[in-house]
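The values are calculated or read from the model by the stated rules, or taken from the named source; none is laboratory data. Model, not experiment: these values are computed from the prediction. Here the Cβ is made from the backbone with ideal geometry for all residues, glycine too, and neighbour counts use every protein chain on show. Surface areas here come from the heavy atoms of the whole protein model, side chains and all, with no ligands, DNA or RNA. Shrake-Rupley method; radii C 1.70, N 1.55, O 1.52, S 1.80 Å.
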Amino acid sequence: MAAPRSTRRTHPRTHPRTPLPTRLLAHLQTWRPYTLWYPGLVGLAGAALAGGDPPARWLAVAWAAPTLGWVAGHYLGDWFDRQLDAISKPQRPIPSGRLSPRAAVAAGLVCAAAMTGLALWANWRSVAVAVAAAAGIVAYSRVLKGRGLSGNVMRGALTALALLFGAMAVQAWPPWHALPFALAFWAHDTASNLVGTVRDVDGDRDGGYATLSVRRGVRRAAHTAAALYLAALATAAVALAVTPSSASPPDGPAGAAVLLTAAAGCGGCAFAPLLRSPGRITAPRALRAHQVLVAERLVLAAAVLATGAGAAPALAVLVPCLAVSVVTQARMRAAYEFPPPPHRPAPV
């Protein structure tokens, strides 16, 4: 299949006199602060599954390295998508000229290098995980994003790698009972990424991206995402059941079960409107579903964290992350995903 066609659009460069606050806001928008807490929470969950009593510096690495990789993916992904965004999302930092393509690439490479440096410091074996994640970011953004389900699967794999990296930040190799949880995150983020293609179907079609939503329709994509989401929940439940008692504190399994149930409830709230929609699934409806999933996956990650660290530490991390995510989504998300309506002249 051919790669997505170029739109042959030019992009305004950031003017040297662009105010610093404007440029800083462009970087902040590129980070997507409503998603920024998820990869670190997944990495911390991996560290908790590894067990023991690791020093705080290794827990910080388990949080920081996946977060840096996540931010690098946003910068590089937006750079690769700059032609598509010029058509469907011209208000974003690069096509609007508030962030230059060169600055986006430089920031992405700096974040990726920092992630790799942290991996080398914590555990030289985890460098392979960091390199695999970096390669996955490029493969997803440059090649696979516009080629159907393979792109969604690659995007899901990046979160699975974050969990494994977190475990390897505190011990040489991830424990065997972390692997089913990694599979659960893999299926979950493949599903949520598919919901994102439902939201972006019109722009992807105009840009020549052959996503599942474009090729088979948004309903097929939504049903596929729902099936993958159910598979993720089932895998997480099995992973919780097979985790040895020696790897969990006394309240770990019960707290994880409660949080997993809460995540399932949130997931139902996200998918029910998509599956029951009587007509075409609109972009705003798909965005609302994805907004719920952005919050829900924090609860899922906290459930895995509770498995290894207990309910109280998991809630102590989850509550502020969830609050910031919900507030920043409400204030920033819609404007980032949808361009403002065209200006209408006042009636004469």
Looking at (1) of a type outside the set (Val, Ile, Thr); (2) assigned to a helix (DSSP H, G or I); (3) open to solvent by less than 60 Å² (accessible area, probe 1.4 Å); (4) at pLDDT below 95, which is the only condition Ser246 fails? (3)
Being among the basic types (Lys, Arg) and open to solvent by 20 Å² or more (accessible area, probe 1.4 Å) is the filter; apply it to region 56-91 and report the residue that is farthest from Gln29 (Cα to Cα). Arg57
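How many of the residues in region 139-156 are open to solvent by 20 Å² or more (accessible area, probe 1.4 Å), touching a residue at least 12 places away in the same chain (Cβ under 8 Å) and either in contact with a strand residue (DSSP E or B) (Cβ under 9 Å, 6 or more places away or on another chain) or not small (Gly, Ala, Ser) (or both)? Outline the logic, then answer.
The first filter runs over region 139-156 and keeps only residues open to solvent by 20 Å² or more (accessible area, probe 1.4 Å), leaving 139-140, 142-145, 147, 149-150, 153-155.
Right, trim to touching a residue at least 12 places away in the same chain (Cβ under 8 Å) and you get 139-140, 142-143, 145, 147, 149, 153-155.
Still in the running and either in contact with a strand residue (DSSP E or B) (Cβ under 9 Å, 6 or more places away or on another chain) or not small (Gly, Ala, Ser) (or both): 140, 142-143, 145, 147, 149, 153-155.
Number satisfying all stated conditions: 9.
Pick from Leu76, Leu84: which is assigned to a helix (DSSP H, G or I) and either farther than 22 Å from Asn193 by Cα or modelled with pLDDT of 95 or more (or both)?
Result of the check over Leu76, Leu84: Leu76.
Please determine whether any residue of region 325-345 is over 26 Å from Ala26 (Cα atoms) and modelled with pLDDT of 95 or more.
Let us first name the residues in region 325-345 that are over 26 Å from Ala26 (Cα atoms), namely 344-345.
Narrowing further to those that are modelled with pLDDT of 95 or more: none.
No.
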Given (1) open to solvent by less than 40 Å² (accessible area, probe 1.4 Å); (2) under 30 Å from Gly217 (Cα atoms), where does Leu260 come up short, assuming only one miss? (2)
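Could you run through region 110-138 and say how many residues are open to solvent by 30 Å² or more (accessible area, probe 1.4 Å), out of contact with any Leu (no Cβ under 8 Å at 6 or more places or on another chain) and in a helix (DSSP H, G or I)?
10
So which of Ala256, Ala241 is over 21 Å from the mean Cα position of the chain (by Cα) and free of Cβ contacts under 8 Å to residues at least 24 places away in the same chain?
Residue meeting the stated conditions: Ala241.
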Considering only residues of region 169-181 that are open to solvent by less than 10 Å² (accessible area, probe 1.4 Å) and part of a helix (DSSP H, G or I), which is farthest from Thr235 (Cα to Cα)? Ala178
Filter pass, Thr159 being assigned to a helix (DSSP H, G or I), in contact with a Gly (Cβ under 9 Å, 6 or more places away or on another chain) and among the polar types (S, T, N, Q): no
Determine whether region 185-192 contains at least one residue that is open to solvent by 30 Å² or more (accessible area, probe 1.4 Å), modelled with pLDDT of 95 or more and farther than 21 Å from Arg288 by Cα. yes
Pick out, from region 262-348, the helices (runs of 4 or more DSSP H) lying fully within it that include 2 or more residues that are in contact (Cβ under 8 Å) with a residue 12 or more places away in the chain, among the hydrophobic types (A, V, I, L, M, F, W, C) and within 23 Å of Ala191 (Cβ to Cβ). 283-309, 311-328
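Might you let me know whether region 29-51 holds any residue that is assigned to a helix (DSSP H, G or I), surrounded by fewer than 23 Cβ atoms within 10 Å (Cβ to Cβ) and in contact with a Lys or Arg (Cβ under 9 Å, 6 or more places away or on another chain)?
Just the residues of region 29-51 that are assigned to a helix (DSSP H, G or I), to begin with: 29-31, 37-50.
Pick out the ones that are also surrounded by fewer than 23 Cβ atoms within 10 Å (Cβ to Cβ) and you get 29, 31.
Then keep just the ones that are in contact with a Lys or Arg (Cβ under 9 Å, 6 or more places away or on another chain); that gives 29.
The answer is yes, given that some residue of region 29-51 is assigned to a helix (DSSP H, G or I), surrounded by fewer than 23 Cβ atoms within 10 Å (Cβ to Cβ) and in contact with a Lys or Arg (Cβ under 9 Å, 6 or more places away or on another chain).
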